Each structure stands twice: as structure tokens, then as C-alpha cells.
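Written out below as C-alpha cells is the structure these notes cover.
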Amino acid sequence: MNIQKIMSSLEAKHPGELEYLQAVKEVLLSIEDIYNQHPEFEKVKIIERLVEPDRIFTFRVTWVDDKGEVQTNLGYRVQFNSAIGPYKGGLRLHPSVNLGIIKFLGFEQIFKNSLTGLPIGGGKGGSDFDPKGKSDREIMAFCQSFMTELCKYIGADTDVPAGDIGTGAREIGFMFGQYKRIRGVYEGVLTGKGLSYGGSLARTEATGYGLLYLTQELLKLNGIDIAGKTACVSGSGNVAIYAIEKATQLGVKVLTCSDSNGWVYDPDGIDEKKLAYIFELKNLYRGRIREYAEEYGCKYVEGGRPWGEKCDIAMPSATQNELDGDDARTLLANGCFAVSEGANMPSTPEAIEQFLAAKILYAPGKAANAGGVSVSGLEMTQNSMKISWTAEEVDQKLKQIMHDIHEQCTRYGKESDSYTNYVKGANIAGFMKVAKSMVEQGVL
Ligand code: NDP
């Protein structure tokens with residue numbers, strides 16, 4: 001594989017799609033050796049096919065705000081790869097959304113979904129719509145207009161979107177209602193649905209809980225008990241909240257969380273009661289994390305990120321490239337020995353280089369946050385079988401999936417000095433299954 005040639009060609013074809021190019025390069029560097037041992041992959045040009053999405057939909061989303069003004073946003077759905085199952089991946093609603101970001105997320109999703117062991121391909125979508133500060137009616141107007149177009153491209157057996165940044169239970173509900181109204185079918189076309197209309201128990205918690213199950217495995221393999229450790233978390237959304245909840249249940253003291261305005265440091269730890277406050281603040285009042293510091297009298301820092309605080313474990317759970325080389329150096333200097341990613345690609349390439357060089361325990365998002373899509377996959381199964389599993393059953397399956405993901409990472413990521421490189425392990429394990437399926441299905 002000639003990585004330089006492939007990257008130059010992609011850079012020329014897709015200039016400015018920086019996050020997508022970053023995600024592709026990371027995977028290619030990880031799989032290069034194993035790819036070169038499989039001439040059957042090169043023969044049918046697996047890489048050249050894998051790095052380009054099957055198809056991309058871009059559409060206009062027009063809606064009317066509370067002042068009666070007409071607003072226009074851009075909508076996207078990228079159907080990246082369906083070698084092992086229907087396209088599956090969330091919908092991001094955030095003003096920063098552009099095609100490069102959706103393509104990076106869709107590309108990552110191929111390998112993550114493969115790692116789960118479930119029959120799901122990779123896709124992603126979203127819009128540059130900003131849900132912040134919008135009324136429920138405005139959110140509904142946007143979601144209905146968005147789904148009016150999106151419903152032409154998705155379906156329970158073809159492409160099943162879910163939540164992501166800015167898309168939670170409220171947005172999924174509005175979108176599901178509109179899909180049903182237009183298509184006239186009641187099917188599991190979205191996951192993350194409400195429990196009264198086809199949602200799975202434990203889906204809301206799945207990404208955060210899965211993150212901790214994997215982190216626990218990581219530490220256990222190295223003879224470290226997670227109880228009694230300290231952690232810094234970023235974000236205060238779906239992933240962060242349930243990561244903090246499970247961490248606290250496992251005896252970890254979580255010192256920080258954040259939103260896009262700033263971060264809080266609570267030396268006593270974010271316990272169950274304080275977490276319930278954050279949950280209400282974020283999901284009911286749609287407030288800012290600064291209010292937590294006012295409520296509990298602790299430190300609030302406007303802007304920036306919490307990586308300067310001393311901790312054993314860092315769990316970036318907000319967004320991509322939120323932890324850079326300098327942050328990594330600071331974390332390492334402060335004794336941090338494990339980094340588990342709740343967000344997708346939160347660490348920059350330079351930060352990852354630092355973690356791997358220091359040989360700390362480092363679990364990339366692809367493996368560490370795969371619990372969300374895993375339970376989405378379980379939601380699809382329950383919908384098609386028209387049954388519901390109990391929360392305990394789903395949690396048990398989630399634990400098993402995270403355990404299996406960890407095993408695959410160690411199987412493919414073990415280096416000669418017996419250090420486990422989880423980046424390599426996750427990328428190779430995810431890639432092999434997809435590549436073999438593509439070969440067996442012929443040149444498409
Ligand atoms: P939410 O929208 O629920 O929460 C996102 C959190 O991150 C909020 O606190 C938000 O602050 C903060 N944030 C978002 N963008 C930025 C930014 N540019 N700078 C600083 N802070 C930011 O999203 P999720 O919790 O669902 O997603 C978080 C991450 O986890 C994303 O990378 C997502 O792709 C990934 N992920 C999510 C899964 C899921 O099941 N939901 C599954 C797997 C991965 P504010 O409210 O101020 O915007």
C-alpha cells in the first residue's frame with residue numbers, strides 16, 4: 001500500500017476535508033502491514049474503494065422560526081459502506097457540521113460497527129443547524145423538515161440513523177414521527193427512540209456505560225483496580241453524563257466536566273446527586289455548566305479544556321480534536337496513565353503519538369465508545385423481532401460486546417514488547433472483517 005500516494009490523491013480530490021483526511025490516514029497507517037500480507041485485498045483495490053463513501057446526499061432544510069422568519073440549513077447523509085450490514089450511524093446537529101466532518105464520522109463508523117460483531121455498516125449524517133437556544137417548536141419544525149428529505153434515503157433494512165451531538169431523545173422523537181407520517185410505515189428506522197415507541201432499555205446509558213466497561217477491562221488486564229481512581233471527563237451531554245454515572249458507581253472520583261463555554265473542577269467529585277443536577281440542567285432547562293459551579297461553589301474556567309487537572313484517567317467525551325499534543329504532555333506529566341475516548345477522534349494525531357510513546361493505556365473512540373452503536377444494533381434486533389429485552393439483559397449483552405471488543409484489540413494490537421496498541425488493534429480488527437466481506441461480494 002502506498003499511503004503517501006493514496007493520501008495525496010484524496011487531498012487533491014477533497015481539499016479542506018481535514019477531519020476526514022485525518023481519520024483515513026490514521027486507519028491506513030495502522031493497517032498497512034496486515035494489508036500488505038493480503039494480496040487479494042490489493043487485487044480488487046479495497047483501500048481505494050473503502051475510502052470513498054458509497055453515496056452522499058446533501059439537501060436543503062428550510063423551516064420557520066418563532067419570529068416567523070424563514071431559515072435555511074444544510075442537511076447531509078453519507079452512506080459509507082454496507083459490506084457487513086445496513087448503513088448505521090448518528091445524526092449530528094451542530095453549527096460546525098460540514099461534509100468533511102460527516103465523512104470522518106462515517107468512515108470511523110465502518111470500523112467501529114465492525115468491531116461490535118453486529119451486522120451493521122457505516123454511515124453518518126447531520127446538519128449545520130444549531131439546536132442551542134431554540135424553542136421546542138423550532139426544534140420540531142427543523143426536525144420535520146430535515147426528515148421530509150432524509151426519509152427518501154433511509155429505512156429499517158437500508159440505513160438506520162441515531163443520535164449524536166445535538167440529537168437526543170427529543171429530536172429522535174420528532175424525526176420518527178415525521179418519518180411515520182410521510183412513509184406510512186411503523187418500522188425501526190431510527191434508534192435511540194423513546195421507550196414507549198420501540199426504544200431499547202439502556203440505550204441512553206449505553207455509550208457512557210460501555211466506555212467504563214472497556215476502561216475497566218483495560219485496567220484489569222494490567223492488574224489495576226478502577227475503584228479509588230480519579231478521572232477528568234469533558235462534555236456534559238449524553239456520553240459524558242452516563243460515563244460519569246458508571247464511573248461513580250465503580251468507585252471512581254470524577255473531578256471535571258464541561259460544555260462548549262467552559263469547564264468545572266469539583267475536588268469532591270461529581271456524585272449521584274450532583275449528576276442529577278447536571279442531567280436536569282442540560283436536558284430540561286438547557287442551561288450552561290457554569291451554573292453547576294455556582295450551585296456547588298467550585299471552580300469554573302471559561303473556555304479551554306480540563307486536561308490541566310491532575311487525574312489517573314482522562315475521558316474526553318465532547319468532540320473531535322479536543323485534546324492536543326500539549327494537553328497530552330500535561331496529562332502525562334501529571335501522572336495520567338489511562339485515556340479512554342467517549343467522543344469520536346477527540347485526541348489529535350500528536351496527542352495519540354504522545355500516549356503511544358509513553359506506552360500508557362490508550363483506548364481510541366472507535367473501540368471505547370462502541371457501546372452506543374452496539375445497543376442501537378440491539379434495538380434494531382428487538383424492533384425486527386417485535387420484542388423487548390429487560391435493562392439487565394441489554395446491559396449484560398453490552399458488557400459482553402465491550403469484553404469482545406477488548407479481546408479483538410488485544411489480539412491484533414499486541415506489540416513485540418507485549419504493549420497493547422489499541423489504535424492498531426481496533427483498526428485492524430474492524431478492517432479485516434469489512435475487507436474480507438468486500439472481497440467475497442465481488443467488485444461493486
Ligand atoms: P451531546 O450533544 O449530548 O453532548 C455534547 C457535549 O460536548 C456537550 O456538553 C457540548 O457542549 C460539548 N461540545 C460539543 N461540541 C463542542 C465543542 N466544539 N467544543 C467544546 N465542547 C463541545 O453529544 P453526545 O454526548 O452524544 O456526543 C459526544 C461525543 O461522543 C461526540 O464526539 C459523538 O460523536 C460521540 N459519540 C456519541 C454517541 C452517542 O451514543 N450519543 C456514540 C458514540 C460516540 P454544548 O452543550 O455547550 O454544545
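The values are calculated or read from the model by the stated rules, or taken from the named source; none is laboratory data. Small disclaimer: the values here were computed from a predicted structure and weren't measured. A quick note on method: Cβ atoms are made from the backbone with ideal geometry, for glycine too, and the neighbour counts reach across all protein chains shown. Heads up: the accessible areas ignore ligands, DNA and RNA and are worked out on the full protein's heavy atoms, side chains in. Shrake-Rupley method; radii C 1.70, N 1.55, O 1.52, S 1.80 Å.
The C-beta contact set for the stretch 42-57 (first residue of a type in the set (Val, Ile, Thr), second residue part of a loop (DSSP other than H, G, I, E, B) and open to solvent by 50 Å² or more (accessible area, probe 1.4 Å), distance under 7 angstrom, 6+ apart or interchain) comprises VAL44/VAL443. Among the residues examined, THR158 does not qualify as in contact (Cβ under 8 Å) with a residue 40 or more places away in the chain, of a type in the set (Val, Ile, Thr) and within 11 Å of the ligand (Cβ to nearest atom). Within the stretch 246-260, the residues that satisfy the criterion of being more than 16 Å from ALA368 (Cβ to Cβ) and either within 7 Å of the ligand (Cβ to nearest atom) or out of contact with any strand residue (DSSP E or B) (no Cβ under 8 Å at 6 or more places or on another chain) (or both) are GLN249, GLY251, SER258, ASP259, SER260.
Can you name every residue in the stretch 172-217 that is among the acidic types (Asp, Glu) and either near the ligand (Cβ under 10 Å from one of its atoms) or without any contact (Cβ under 8 Å) to a residue 12 or more places away in the chain (or both)? Break it down into steps so the answer makes sense when it comes.
At the first step, the residues of the stretch 172-217 found to be among the acidic types (Asp, Glu) are 187, 205, 217.
Within the stretch 172-217, GLU205 is the sole residue that qualifies.
Is at least one residue of the stretch 269-279 open to solvent by 30 Å² or more (accessible area, probe 1.4 Å) and in a loop (DSSP other than H, G, I, E, B)? Walk me through how you get there before you give the answer.
Looking only at the stretch 269-279, we keep the residues that are open to solvent by 30 Å² or more (accessible area, probe 1.4 Å), and these are 271-273, 276-277, 279.
With the extra rule that they be in a loop (DSSP other than H, G, I, E, B), the set shrinks to 271.
Yes.
Could you list all residues from the stretch 261-292 that are within 10 Å of the ligand (Cβ to nearest atom) and either in contact (Cβ under 8 Å) with a residue 24 or more places away in the chain or under 13 Å from GLY208 (Cα atoms) (or both)? ASN261, GLY262, TRP263, ILE278, LYS282, ASN283, ARG286, ARG288, ILE289, listed by residue number.
Here the helices (runs of 4 or more DSSP H) wholly within the stretch 1-79 that include at least 3 residues being open to solvent by less than 70 Å² (accessible area, probe 1.4 Å) are 3-13, 18-36, 46-50.
Taking the stated definitions as given, is VAL339 hydrophobic (A, V, I, L, M, F, W, C), touching a strand residue (DSSP E or B) at 6+ places or on another chain (Cβ under 8 Å), over 25 Å from LEU29 (Cα atoms) and within 16 Å of the ligand (Cβ to nearest atom)? Steps first, please.
Working: hydrophobic (A, V, I, L, M, F, W, C): yes; touching a strand residue (DSSP E or B) at 6+ places or on another chain (Cβ under 8 Å): yes; over 25 Å from LEU29 (Cα atoms): no; within 16 Å of the ligand (Cβ to nearest atom): yes.
Considered against the rule, which asks whether it is hydrophobic (A, V, I, L, M, F, W, C), touching a strand residue (DSSP E or B) at 6+ places or on another chain (Cβ under 8 Å), over 25 Å from LEU29 (Cα atoms) and within 16 Å of the ligand (Cβ to nearest atom), VAL339 comes out as no.
Tell me, which helices (runs of 4 or more DSSP H) lie completely within the stretch 369-444 with 3 or more residues that are open to solvent by 70 Å² or more (accessible area, probe 1.4 Å) and of a type in the set (Lys, Arg)?
Numbers: elements: 371-385, 391-413, 422-440.
Once the helices (runs of 4 or more DSSP H) in the stretch 369-444 are filtered for at least 3 residues that are open to solvent by 70 Å² or more (accessible area, probe 1.4 Å) and of a type in the set (Lys, Arg), what remains is 391-413.
Would you call ALA363 touching a Leu at 6+ places or on another chain (Cβ under 7 Å) and away from the ligand (no atom under 12 Å from the Cβ)? It would help to see each step written out before you state the result.
On the way: touching a Leu at 6+ places or on another chain (Cβ under 7 Å): yes; away from the ligand (no atom under 12 Å from the Cβ): yes.
Yes, satisfied.
Pick from the stretch 301-322 the residues that are in a strand (DSSP E or B) and either within 11 Å of the ligand (Cβ to nearest atom) or surrounded by fewer than 16 Cβ atoms within 10 Å (Cβ to Cβ) (or both): which of them is nearest to the chain's Cα centre (by Cα)? I'd like the intermediate steps shown before the answer.
First, the residues of the stretch 301-322 that are in a strand (DSSP E or B): 301-302, 313-315.
With the extra rule that they be either within 11 Å of the ligand (Cβ to nearest atom) or surrounded by fewer than 16 Cβ atoms within 10 Å (Cβ to Cβ) (or both), the set shrinks to 302, 315.
Values: GLU302: 25, MET315: 13 Å.
For the stretch 301-322, the residue satisfying everything is MET315.
Outside any loop (DSSP other than H, G, I, E, B), in contact with a Ser or Thr (Cβ under 8 Å, 6 or more places away or on another chain) and open to solvent by less than 10 Å² (accessible area, probe 1.4 Å) - does that describe any residue in the stretch 185-196?
Going through the stretch 185-196, the residues outside any loop (DSSP other than H, G, I, E, B) turn out to be 195-196.
Remaining after also requiring in contact with a Ser or Thr (Cβ under 8 Å, 6 or more places away or on another chain): none.
The answer is no, given that none of the residues of the stretch 185-196 is outside any loop (DSSP other than H, G, I, E, B), in contact with a Ser or Thr (Cβ under 8 Å, 6 or more places away or on another chain) and open to solvent by less than 10 Å² (accessible area, probe 1.4 Å).
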